[in-house]
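The values are calculated or read from the model by the stated rules, or taken from the named source; none is laboratory data. The shown structure was predicted, so the numbers you read here are calculated from the model rather than taken from an experiment. Note that we place each Cβ from the backbone using ideal geometry, even for glycine, and neighbour counts take in every protein chain shown.
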Amino acid sequence: MTSNDAEDFNADDAHYNVYTPDDFFELIGQSDPHCVGIVTGEQLSYWKSQPKHIQLDDALIKSGRPSFARTVREALKVLSRDGYGL
């Protein structure tokens with residue numbers, strides 16, 4: 001995983017895949033969507049108790065993770081629908 005531009009790496013010469021943080025978290029989310037909901041709920045509980053917290057999806061967007069922010073936003077919608085207390 002790198003915060004650098006993945007285009008800077010020559011994938012043909014590498015013996016591994018290069019992922020941006022956003023791509024990496026999306027890969028995890030696609031591999032285990034249920035996990036994203038659980039972790040989103042845990043993070044929501046923690047951050048709601050912190051002064052001056054911002055929405056999880058907004059924090060992800062600000063940190064350059066727009067794709068994963070959309071995934072988390074969907075998890076937040078499910079939590080809200082299921083009565084999680086958002």
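Find all pairs meeting these conditions: Cβ atoms under 6 angstrom apart; at least six residues apart or on different chains; first residue within region 11-40 and exposed (fewer than 10 other Cβ atoms within 10 Å of the Cβ); second residue at pLDDT 90 or above and acidic (Asp, Glu).
none
Out of the residues in region 42-74 meeting the condition of being surrounded by 18 or more Cβ atoms within 10 Å (Cβ to Cβ) and in contact (Cβ under 8 Å) with a residue 40 or more places away in the chain, tell me which one is nearest to Thr20 (Cα to Cα).
Selected residue: Arg65.
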